[in-house]
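So the structure is just underneath, and the comments pick up after that.
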Amino acid sequence: MDSHRGQWPIAAFLALLMVGELLVMGEPGQAGALVWLLTVPICIVAVTSFRSRAFTVPVAVVSAVLVSFVIMTFQVDVPTILSPLTIAETGAFLVITAVVVREEPRRSATLSVGALMAVSLFAAVVRGNWFSSGNYNELLGSLVLGFGAVGVGLYFRARDTESGRLIAAAVTDAQKEERIALARELHDVVAHHVTGMLVQAQAALEVSEDDPQAAHRLLPGMVRSGTEALQAMRRLVGTLRQGETEAATTDLAADVIAAVERTRELGIATRLRIDLPDEVAPELGRSVLRLVQESLTNVHKHAVSPTMIDVDISRTDGGALRVIVADDGRPGELNQGGYGLVGMRERVDLLGGLFSAGPRENGWQVLAELPLEGSK
């Protein structure tokens, strides 16, 4: 679960505590109003701690110290529950404790919790609402709340760790499967080039005795085929896999048009623009097709209420082939974390290209740039 999801319920809860505290205080006067205002930064950093904790603990500590001095100086009567802090301060401190224990490294979390405990003890002494009255029941209650917050943080920390392991394993599996897919393509492409080299070599042997010059003219073609085979081997690395679900032909434009037509048959309007160079390396053409197919599949699986898909394949000024697949649907939860995206990124990385995928102003977009020469 995303830890940021609890941010807004916590914000509403702390806001209610602030309002309730103000109502209990009645007419607080200037000193009481100052105490209430100094509590606001503590509640703010408690909410923002879900995203950034750089200043959370320092701001909370400084604000609590200032509140303590105001209460001691002006003898302000503020409501408390099981804590030397005000009601809103107590709620904010509990939230901060749980968040830092969950998110921060152990050393940083320990120091942060220690600082919060120290300022709570300081408040107990300075505000004079504990030891002077001998109310140790509140001390016990405060310890229970503190340990409870630490326990909640540790629970979510353990759950996040386990979730991280599962995600890492899934990502590794997806990368492995994509490498296996590329290995099959490596076999097809290299076999094509090596076959060409063998044919030319056999022809050179046949004519070498009668026409040595003709045999010599065949050598550049053999060198070119060997170079292309070597480039393919460098691009596509991995192990074997069982098979592909959809086969690619040697006509990239026709394959892409067929994939787009299948999408149109499923009821989603699709615009297509293709500007391809005269020659596209087979391994590059297969990767472009896979990117288009996977992106269109993701739209069907994860986009919410899409009405239009734009597929744009064009050449860039930098000598690359750019692939853009964008839709106008609302991204679903799996769209942002699907393992298909991992496979696409792995494929593009192995070809030395650039890849990005994410929400745009209206919908979702996949963008990839693959070098036509195949060099990083």
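The values are calculated or read from the model by the stated rules, or taken from the named source; none is laboratory data. Every value quoted in this text rests on a predicted model; they were computed, and no experiment measured them. Neighbour counts run over all protein chains shown; Cβ positions are idealised from the backbone, glycine included.
VAL207 passes all but one of (1) within 26 Å of VAL62 (Cβ to Cβ); (2) at pLDDT 70 or above; which number fails?
Going through (1) within 26 Å of VAL62 (Cβ to Cβ); (2) at pLDDT 70 or above one by one, VAL207 breaks only (1).
Name the single residue, out of those in segment 263-293 being more than 20 Å from GLY329 (Cβ to Cβ) and among the aliphatic types (A, V, I, L, M), that is surrounded by the most Cβ atoms within 10 Å (Cβ to Cβ).
Only one residue tops the list, namely VAL288.
Given the residues VAL256, VAL223, VAL237, VAL260, which is the only one that is at pLDDT 75 or above, of a type in the set (Val, Ile, Thr) and exposed (fewer than 15 other Cβ atoms within 10 Å of the Cβ)?
Every option except VAL223 fails the conditions.
Of all helices (runs of 4 or more DSSP H) completely enclosed by segment 257-376, which ones contain at least 3 residues that are touching an Asp or Glu at 6+ places or on another chain (Cβ under 8 Å)?
Here the list reads 282-302, 339-350.
Quick grid of which residues meet (1) outside any helix (DSSP H, G or I); (2) more than 23 Å from LEU116 (Cα to Cα); (3) at pLDDT 80 or above; (4) touching a Cys at 6+ places or on another chain (Cβ under 8 Å):
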position: ARG5; (1), (2), (3), (4): no, yes, no, no
position: MET18; (1), (2), (3), (4): no, no, yes, yes
position: GLU21; (1), (2), (3), (4): no, no, no, no
position: ALA33; (1), (2), (3), (4): no, yes, yes, no
position: THR39; (1), (2), (3), (4): no, no, yes, no
position: ILE42; (1), (2), (3), (4): no, no, yes, no
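Just wondering, is there one or more residues in segment 263-279 that are at pLDDT 75 or above and closer than 30 Å to ALA204 by Cα?
Looking for residues that are at pLDDT 75 or above and closer than 30 Å to ALA204 by Cα, one finds at least one in segment 263-279, hence yes.
Can you tell me which condition ASP310 does not meet? The list is (1) farther than 14 Å from LEU367 by Cβ; (2) surrounded by fewer than 17 Cβ atoms within 10 Å (Cβ to Cβ), and all the others hold.
(1)
Could you pull out the residue among VAL100, VAL78 that is assigned to a loop (DSSP other than H, G, I, E, B) and either under 24 Å from LEU143 (Cβ atoms) or aromatic (Phe, Trp, Tyr) (or both)?
That would be VAL78, the only listed residue that is assigned to a loop (DSSP other than H, G, I, E, B) and either under 24 Å from LEU143 (Cβ atoms) or aromatic (Phe, Trp, Tyr) (or both).
Does VAL199 count as at pLDDT 75 or above and assigned to a helix (DSSP H, G or I)?
no
Restricting attention to segment 69-111, which residues are modelled with pLDDT of 85 or more, more than 18 Å from LEU22 (Cβ to Cβ) and surrounded by 19 or more Cβ atoms within 10 Å (Cβ to Cβ)?
PHE93, LEU94, VAL95, ILE96, THR97, ALA98, VAL99, VAL100, VAL101, ARG102, GLU104, ALA109
Is it the case that LEU154 is surrounded by fewer than 15 Cβ atoms within 10 Å (Cβ to Cβ), more than 38 Å from the chain's Cα centre (by Cα) and outside the structural domain of ILE10 (by TED's automatic domain parsing)?
Here the answer is no, as LEU154 does not meet what is asked.
Only residues that are in contact (Cβ under 8 Å) with a residue 60 or more places away in the chain and among the aromatic types (Phe, Trp, Tyr): list them for segment 343-376, please.
Once the filter is applied, which keeps residues that are in contact (Cβ under 8 Å) with a residue 60 or more places away in the chain and among the aromatic types (Phe, Trp, Tyr), segment 343-376 yields only TRP364.
Please determine, by comparing only the residues of segment 351-366 that are surrounded by fewer than 19 Cβ atoms within 10 Å (Cβ to Cβ) and not hydroxyl-bearing (Ser, Thr, Tyr), which one is modelled with the lowest pLDDT.
Residue satisfying both the conditions and the ranking: GLU361.
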